[in-house]
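Trainee: Below is a structure I'd like to ask you about.
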Amino acid sequence: MSTAMNKNGNSEQEVHAWSGWIMLVVNIALVIGAIWFCISTIHAAALRELTPFEAVLGLLASLVWFVGGLIMFAGHFTLQPNEARLLILFGSYKGTVRKSGFHWASPFYSRIRGRIPWGISPPPDPKTPNSMGSQRIVYKTLPAKISLRAHNFNSDKLKVNDKRGNPVEIAAVIVWRVDDTAEAAFDVEDYESYVQVQSEAAIRNIASAYAYDHGEEQEVTLRGGGDVVAQELKKELGHRLAKAGVVVDDARLTHLAYAPEIASAMLRRQQAEAVIAARSKIVIGAVSMVDMALRELERSQVVKLDEERKAAMVSNLLVVLCGTEEASPVINTGTLYN
(Lines give C-alpha, C1' and ligand atoms only; values in the text may rest on other atoms or scores of the structure.)
Protein backbone atom coordinates (compact mmCIF):
# COMPACT_ATOMS: atom_id res chain seq x y z
CA MET A 1 0.00 0.00 0.00
CA SER A 2 1.34 3.38 -0.96
CA THR A 3 1.35 6.07 1.72
CA ALA A 4 2.04 9.77 1.87
CA MET A 5 3.15 11.88 4.79
CA ASN A 6 1.82 15.36 5.45
CA LYS A 7 3.75 17.16 8.18
CA ASN A 8 1.14 19.82 8.82
CA GLY A 9 -1.87 17.50 8.70
CA ASN A 10 -3.99 20.09 6.92
CA SER A 11 -3.79 19.00 3.29
CA GLU A 12 -5.32 15.82 1.94
CA GLN A 13 -3.02 13.15 0.52
CA GLU A 14 -4.89 10.47 -1.42
CA VAL A 15 -3.51 6.93 -1.06
CA HIS A 16 -4.54 3.50 -2.33
CA ALA A 17 -5.14 0.58 0.00
CA TRP A 18 -4.64 -3.10 -0.71
CA SER A 19 -7.46 -5.09 -2.28
CA GLY A 20 -9.60 -6.51 0.50
CA TRP A 21 -10.35 -9.70 -1.42
CA ILE A 22 -6.70 -10.61 -1.94
CA MET A 23 -5.85 -9.89 1.67
CA LEU A 24 -8.88 -11.89 2.81
CA VAL A 25 -7.43 -14.97 1.10
CA VAL A 26 -4.02 -14.23 2.60
CA ASN A 27 -5.41 -13.79 6.11
CA ILE A 28 -7.44 -16.99 5.89
CA ALA A 29 -4.33 -18.80 4.71
CA LEU A 30 -2.40 -17.36 7.68
CA VAL A 31 -4.97 -18.61 10.18
CA ILE A 32 -5.19 -22.05 8.56
CA GLY A 33 -1.40 -22.20 8.40
CA ALA A 34 -1.15 -21.37 12.11
CA ILE A 35 -3.62 -24.14 12.97
CA TRP A 36 -1.77 -26.62 10.74
CA PHE A 37 1.56 -25.67 12.32
CA CYS A 38 0.11 -26.13 15.80
CA ILE A 39 -1.26 -29.58 14.93
CA SER A 40 2.01 -30.54 13.28
CA THR A 41 3.96 -29.45 16.35
CA ILE A 42 1.73 -31.47 18.65
CA HIS A 43 2.00 -34.52 16.38
CA ALA A 44 5.79 -34.22 16.16
CA ALA A 45 6.00 -33.86 19.94
CA ALA A 46 3.84 -36.97 20.38
CA LEU A 47 6.23 -38.93 18.16
CA ARG A 48 9.15 -37.54 20.20
CA GLU A 49 10.59 -35.91 17.10
CA LEU A 50 10.89 -32.67 19.05
CA THR A 51 12.34 -31.95 22.44
CA PRO A 52 9.93 -30.51 25.05
CA PHE A 53 11.61 -27.13 24.69
CA GLU A 54 11.19 -27.17 20.89
CA ALA A 55 7.56 -28.28 21.27
CA VAL A 56 6.82 -25.38 23.63
CA LEU A 57 8.49 -22.93 21.26
CA GLY A 58 6.50 -24.36 18.34
CA LEU A 59 3.23 -24.03 20.25
CA LEU A 60 4.05 -20.45 21.24
CA ALA A 61 4.98 -19.61 17.64
CA SER A 62 1.75 -21.13 16.34
CA LEU A 63 -0.23 -19.18 18.94
CA VAL A 64 1.45 -15.91 17.98
CA TRP A 65 0.94 -16.82 14.32
CA PHE A 66 -2.76 -17.52 14.90
CA VAL A 67 -3.36 -14.34 16.94
CA GLY A 68 -1.51 -12.28 14.32
CA GLY A 69 -3.71 -13.76 11.60
CA LEU A 70 -6.83 -12.82 13.55
CA ILE A 71 -5.52 -9.28 14.09
CA MET A 72 -4.93 -8.96 10.34
CA PHE A 73 -8.67 -9.42 9.79
CA ALA A 74 -9.24 -6.09 11.59
CA GLY A 75 -7.60 -4.27 8.68
CA HIS A 76 -10.53 -4.91 6.34
CA PHE A 77 -12.94 -2.06 5.63
CA THR A 78 -15.43 -1.04 2.95
CA LEU A 79 -16.14 2.33 1.37
CA GLN A 80 -19.31 3.32 -0.42
CA PRO A 81 -19.33 5.81 -3.31
CA ASN A 82 -18.61 9.36 -2.09
CA GLU A 83 -17.10 8.11 1.14
CA ALA A 84 -13.51 8.37 2.37
CA ARG A 85 -11.45 7.01 5.23
CA LEU A 86 -8.58 8.69 6.99
CA LEU A 87 -5.55 6.54 7.74
CA ILE A 88 -4.22 7.59 11.15
CA LEU A 89 -1.35 5.59 12.63
CA PHE A 90 -0.66 6.38 16.30
CA GLY A 91 -1.73 9.99 15.80
CA SER A 92 0.10 10.51 12.51
CA TYR A 93 -1.89 11.19 9.34
CA LYS A 94 -0.85 8.81 6.56
CA GLY A 95 -3.37 9.64 3.85
CA THR A 96 -6.97 9.27 2.72
CA VAL A 97 -8.57 6.41 0.80
CA ARG A 98 -11.32 7.67 -1.52
CA LYS A 99 -11.87 4.70 -3.86
CA SER A 100 -15.06 2.78 -3.09
CA GLY A 101 -14.98 -0.99 -2.57
CA PHE A 102 -13.52 -3.61 -0.24
CA HIS A 103 -10.06 -2.65 1.05
CA TRP A 104 -7.40 -3.68 3.52
CA ALA A 105 -4.99 -1.50 5.42
CA SER A 106 -2.88 -1.96 8.49
CA PRO A 107 -5.07 -3.05 11.42
CA PHE A 108 -3.24 -0.50 13.56
CA TYR A 109 -4.80 2.40 11.70
CA SER A 110 -7.27 4.07 14.03
CA ARG A 111 -10.99 3.76 13.27
CA ILE A 112 -11.86 6.95 15.16
CA ARG A 113 -10.42 10.46 15.10
CA GLY A 114 -11.08 11.12 18.74
CA ARG A 115 -13.82 12.09 21.17
CA ILE A 116 -15.08 15.56 22.00
CA PRO A 117 -17.47 16.84 24.70
CA TRP A 118 -20.95 16.93 23.19
CA GLY A 119 -23.17 17.98 26.09
CA ILE A 120 -24.31 17.17 29.58
CA SER A 121 -26.64 14.32 30.36
CA PRO A 122 -30.00 15.33 31.89
CA PRO A 123 -30.31 15.03 35.66
CA PRO A 124 -32.01 11.88 36.99
CA ASP A 125 -35.73 12.11 37.59
CA PRO A 126 -36.33 12.15 41.36
CA LYS A 127 -39.73 10.51 40.80
CA THR A 128 -38.13 7.47 39.19
CA PRO A 129 -37.44 4.67 41.68
CA ASN A 130 -33.78 3.88 42.34
CA SER A 131 -32.68 6.98 40.41
CA MET A 132 -29.05 7.56 41.33
CA GLY A 133 -26.13 9.44 39.98
CA SER A 134 -25.66 13.00 38.78
CA GLN A 135 -25.17 14.87 35.56
CA ARG A 136 -22.17 13.83 33.51
CA ILE A 137 -20.46 14.95 30.32
CA VAL A 138 -21.53 13.18 27.14
CA TYR A 139 -18.83 12.66 24.53
CA LYS A 140 -19.21 12.38 20.76
CA THR A 141 -17.05 9.90 18.87
CA LEU A 142 -15.57 11.17 15.61
CA PRO A 143 -15.19 8.30 13.09
CA ALA A 144 -12.30 7.98 10.67
CA LYS A 145 -14.77 7.62 7.79
CA ILE A 146 -15.99 10.91 6.31
CA SER A 147 -18.94 11.29 3.97
CA LEU A 148 -18.22 13.21 0.77
CA ARG A 149 -21.89 13.45 -0.17
CA ALA A 150 -23.82 16.71 -0.34
CA HIS A 151 -25.45 17.74 2.93
CA ASN A 152 -28.37 20.08 3.59
CA PHE A 153 -28.29 22.45 6.53
CA ASN A 154 -31.58 24.17 7.34
CA SER A 155 -30.88 27.03 9.69
CA ASP A 156 -33.28 28.06 12.42
CA LYS A 157 -35.23 31.29 12.12
CA LEU A 158 -32.80 33.99 13.21
CA LYS A 159 -33.85 37.44 14.40
CA VAL A 160 -31.51 40.05 12.90
CA ASN A 161 -31.59 43.79 12.33
CA ASP A 162 -31.43 44.69 8.66
CA LYS A 163 -29.44 47.56 7.17
CA ARG A 164 -31.99 50.12 8.42
CA GLY A 165 -32.25 48.62 11.88
CA ASN A 166 -35.60 46.88 11.39
CA PRO A 167 -35.79 43.51 13.16
CA VAL A 168 -36.43 40.71 10.67
CA GLU A 169 -36.65 36.93 10.83
CA ILE A 170 -34.47 35.09 8.33
CA ALA A 171 -33.58 31.47 7.60
CA ALA A 172 -31.66 29.71 4.82
CA VAL A 173 -30.88 26.29 3.41
CA ILE A 174 -27.25 25.53 2.60
CA VAL A 175 -25.97 22.67 0.44
CA TRP A 176 -22.41 21.77 1.40
CA ARG A 177 -19.95 18.88 1.10
CA VAL A 178 -16.46 17.98 2.30
CA ASP A 179 -13.76 18.58 -0.31
CA ASP A 180 -10.54 18.18 1.71
CA THR A 181 -10.81 15.41 4.31
CA ALA A 182 -7.59 16.33 6.09
CA GLU A 183 -8.68 19.92 6.68
CA ALA A 184 -12.13 18.77 7.81
CA ALA A 185 -10.61 16.30 10.27
CA PHE A 186 -7.60 18.16 11.65
CA ASP A 187 -8.08 21.92 11.15
CA VAL A 188 -11.37 22.10 13.07
CA GLU A 189 -12.58 20.02 15.99
CA ASP A 190 -15.92 18.98 14.51
CA TYR A 191 -16.57 20.12 10.94
CA GLU A 192 -20.34 19.52 11.14
CA SER A 193 -20.73 21.82 14.15
CA TYR A 194 -18.34 24.27 12.51
CA VAL A 195 -20.57 24.42 9.42
CA GLN A 196 -23.66 25.12 11.53
CA VAL A 197 -22.08 27.89 13.61
CA GLN A 198 -20.37 29.62 10.69
CA SER A 199 -23.49 29.35 8.52
CA GLU A 200 -25.61 31.14 11.10
CA ALA A 201 -22.92 33.81 11.46
CA ALA A 202 -22.83 34.30 7.67
CA ILE A 203 -26.63 34.57 7.47
CA ARG A 204 -26.63 37.24 10.18
CA ASN A 205 -23.88 39.16 8.41
CA ILE A 206 -25.70 39.11 5.06
CA ALA A 207 -29.03 40.10 6.64
CA SER A 208 -27.46 43.13 8.31
CA ALA A 209 -25.85 44.24 5.02
CA TYR A 210 -29.14 44.68 3.11
CA ALA A 211 -32.44 46.38 3.77
CA TYR A 212 -35.56 44.23 3.96
CA ASP A 213 -37.32 46.16 1.20
CA HIS A 214 -38.03 49.71 -0.05
CA GLY A 215 -34.43 50.42 -0.86
CA GLU A 216 -33.13 53.39 -2.75
CA GLU A 217 -33.04 53.39 -6.54
CA GLN A 218 -31.11 50.37 -7.88
CA GLU A 219 -30.46 49.20 -4.31
CA VAL A 220 -30.50 45.44 -3.71
CA THR A 221 -32.83 44.34 -0.91
CA LEU A 222 -33.38 41.05 0.86
CA ARG A 223 -36.89 40.79 -0.49
CA GLY A 224 -36.28 41.92 -4.06
CA GLY A 225 -32.72 40.79 -4.78
CA GLY A 226 -33.04 37.06 -4.20
CA ASP A 227 -30.38 35.91 -6.66
CA VAL A 228 -27.86 38.59 -5.68
CA VAL A 229 -28.36 37.92 -1.97
CA ALA A 230 -28.01 34.17 -2.56
CA GLN A 231 -24.73 34.65 -4.43
CA GLU A 232 -23.36 36.91 -1.69
CA LEU A 233 -24.40 34.39 0.96
CA LYS A 234 -22.71 31.57 -0.96
CA LYS A 235 -19.55 33.67 -1.32
CA GLU A 236 -19.54 34.53 2.38
CA LEU A 237 -20.02 30.89 3.35
CA GLY A 238 -17.31 29.71 0.98
CA HIS A 239 -14.84 32.10 2.58
CA ARG A 240 -15.78 31.05 6.12
CA LEU A 241 -15.91 27.28 5.52
CA ALA A 242 -12.74 26.99 3.41
CA LYS A 243 -10.74 26.47 6.62
CA ALA A 244 -12.67 23.26 7.28
CA GLY A 245 -12.17 21.87 3.79
CA VAL A 246 -15.87 22.39 2.99
CA VAL A 247 -17.27 23.80 -0.26
CA VAL A 248 -20.75 25.31 -0.63
CA ASP A 249 -22.74 24.18 -3.66
CA ASP A 250 -25.80 26.37 -3.07
CA ALA A 251 -27.33 28.73 -0.51
CA ARG A 252 -30.86 30.11 -0.58
CA LEU A 253 -33.10 32.05 1.78
CA THR A 254 -36.09 29.96 2.86
CA HIS A 255 -37.77 32.39 5.25
CA LEU A 256 -37.88 36.17 5.33
CA ALA A 257 -40.34 38.24 7.36
CA TYR A 258 -40.51 41.15 9.72
CA ALA A 259 -40.22 40.32 13.40
CA PRO A 260 -43.61 39.90 15.16
CA GLU A 261 -43.24 43.12 17.16
CA ILE A 262 -43.23 45.28 14.03
CA ALA A 263 -45.01 43.01 11.57
CA SER A 264 -48.44 44.65 12.04
CA ALA A 265 -47.04 48.17 11.63
CA MET A 266 -45.11 47.18 8.51
CA LEU A 267 -48.20 45.47 7.11
CA ARG A 268 -50.23 48.67 7.50
CA ARG A 269 -47.45 50.59 5.77
CA GLN A 270 -47.41 48.15 2.89
CA GLN A 271 -51.19 48.35 2.60
CA ALA A 272 -51.07 52.15 2.60
CA GLU A 273 -48.38 52.16 -0.07
CA ALA A 274 -50.42 49.72 -2.15
CA VAL A 275 -53.50 51.95 -1.86
CA ILE A 276 -51.49 55.03 -2.83
CA ALA A 277 -50.00 53.23 -5.83
CA ALA A 278 -53.43 52.06 -6.94
CA ARG A 279 -54.93 55.52 -6.53
CA SER A 280 -52.10 57.03 -8.56
CA LYS A 281 -52.80 54.68 -11.44
CA ILE A 282 -56.55 55.40 -11.21
CA VAL A 283 -55.98 59.17 -11.30
CA ILE A 284 -53.59 58.92 -14.26
CA GLY A 285 -56.09 56.76 -16.12
CA ALA A 286 -59.03 59.04 -15.26
CA VAL A 287 -57.22 62.18 -16.45
CA SER A 288 -56.34 60.52 -19.76
CA MET A 289 -59.95 59.39 -20.22
CA VAL A 290 -61.31 62.89 -19.48
CA ASP A 291 -58.83 64.44 -21.91
CA MET A 292 -59.83 61.91 -24.56
CA ALA A 293 -63.54 62.65 -23.97
CA LEU A 294 -63.06 66.41 -24.30
CA ARG A 295 -60.96 66.02 -27.45
CA GLU A 296 -63.55 63.70 -29.02
CA LEU A 297 -66.43 66.09 -28.23
CA GLU A 298 -64.49 68.97 -29.67
CA ARG A 299 -63.55 67.01 -32.79
CA SER A 300 -67.06 65.72 -33.53
CA GLN A 301 -68.65 69.11 -32.63
CA VAL A 302 -71.55 67.40 -30.89
CA VAL A 303 -71.78 70.23 -28.41
CA LYS A 304 -69.83 73.41 -27.77
CA LEU A 305 -68.66 73.84 -24.21
CA ASP A 306 -67.28 76.95 -22.65
CA GLU A 307 -64.57 76.81 -20.01
CA GLU A 308 -67.03 76.72 -17.11
CA ARG A 309 -68.99 73.81 -18.59
CA LYS A 310 -65.72 72.00 -19.36
CA ALA A 311 -64.69 72.43 -15.73
CA ALA A 312 -68.01 71.02 -14.53
CA MET A 313 -67.77 68.10 -16.94
CA VAL A 314 -64.22 67.35 -15.85
CA SER A 315 -65.26 67.44 -12.20
CA ASN A 316 -68.16 65.05 -12.78
CA LEU A 317 -66.07 62.63 -14.81
CA LEU A 318 -63.27 62.56 -12.23
CA VAL A 319 -65.77 61.89 -9.47
CA VAL A 320 -67.24 58.99 -11.44
CA LEU A 321 -63.91 57.53 -12.51
CA CYS A 322 -61.98 58.01 -9.27
CA GLY A 323 -64.73 57.21 -6.80
CA THR A 324 -64.54 54.00 -4.77
CA GLU A 325 -68.30 53.46 -5.07
CA GLU A 326 -70.69 53.61 -7.97
CA ALA A 327 -71.91 57.17 -8.69
CA SER A 328 -75.61 57.95 -8.21
CA PRO A 329 -77.10 59.86 -11.14
CA VAL A 330 -78.67 63.23 -10.37
CA ILE A 331 -81.18 64.79 -12.78
CA ASN A 332 -80.65 68.53 -13.09
CA THR A 333 -83.91 70.27 -14.15
CA GLY A 334 -82.28 73.66 -14.45
CA THR A 335 -79.19 74.96 -16.15
CA LEU A 336 -75.64 75.36 -15.01
CA TYR A 337 -76.22 79.07 -14.39
CA ASN A 338 -79.64 78.83 -12.59
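The values are calculated or read from the model by the stated rules, or taken from the named source; none is laboratory data. Bear in mind the structure is a predicted one, so any value in this text is a computation, not a measurement. Every residue, glycine among them, receives a Cβ derived from its backbone with ideal geometry; neighbour counts consider all protein chains shown. Note: accessible area is taken over every heavy atom of the protein model, side chains too, but ligands, DNA and RNA are not part of it. Shrake-Rupley method; radii C 1.70, N 1.55, O 1.52, S 1.80 Å.
Trainee: What number, in percent, do you get for the relative contact order of region 14-85 if the mean sequence gap of Cα pairs under 8 Å and at least 6 apart is divided by its residue count?
Mentor: About 41 percent, as a whole number.
Trainee: Could you look at region 14-105 and say what percent of its accessible area is carbon and sulfur, using a 1.4 Å probe and all protein chains?
Mentor: The computed percentage sits at 75.
Trainee: On the accessible surface of region 135-175, probed at 1.4 Å, how many percent belong to carbon and sulfur atoms?
Mentor: Exposed carbon and sulfur together represent 45 percent of the surface.
Trainee: Using R₀ = 35 Å, calculate the FRET efficiency as 1/(1 + (r/R₀)^6) where r is the Cβ-Cβ separation of VAL173 and GLU219; round to 0.05.
Mentor: 0.90
Trainee: Would you mind checking region 175-190 for residues with the amide N under 17 Å from a putative spin-label position 7 Å along Cα→C-beta of ASN10?
Mentor: Answer for region 175-190: 179-190.
Trainee: By a straight-distance test (C-alpha under 26 Å), which lysines pair with LYS94 as possible cross-link partners, with residues fewer than eight away in the same chain excluded?
Mentor: By straight Cα distance, LYS94 reaches LYS7, LYS140, LYS145, LYS243.
Trainee: Let me ask something additional. Taking 0.36 nm per residue of separation and subtracting the Cα-Cα distance, what length does fully extending ASN152 through ALA29 add?
Mentor: 39.7 nm
Trainee: Once phi is turned into θ = phi - 60°, what whole-Hz ³J(HN,Hα) does the Karplus curve with 6.51, -1.76 and 1.60 give for every residue of region 41-51, x standing for Gly and Pro?
Mentor: Values per residue, Gly and Pro as x: 5, 5, 5, 5, 5, 5, 8, 6, 7, 10, 6 Hz.
Trainee: Using R₀ = 41 Å, calculate the FRET efficiency as 1/(1 + (r/R₀)^6) where r is the Cβ-Cβ separation of ALA61 and TYR139; round to 0.05.
Mentor: Once rounded, the FRET efficiency stands at 0.50.
Trainee: With every protein chain kept in place and ligands, DNA and RNA left out, what is the accessible area per residue of region 208-259? Probe 1.4 Å, answer in Å².
Mentor: The answer is 53 Å² per residue.
Trainee: At R0 = 45 Å, how high is the FRET efficiency between ALA259 and ILE284 if r is their beta carbon distance? Nearest 0.05 is fine.
Mentor: 0.80
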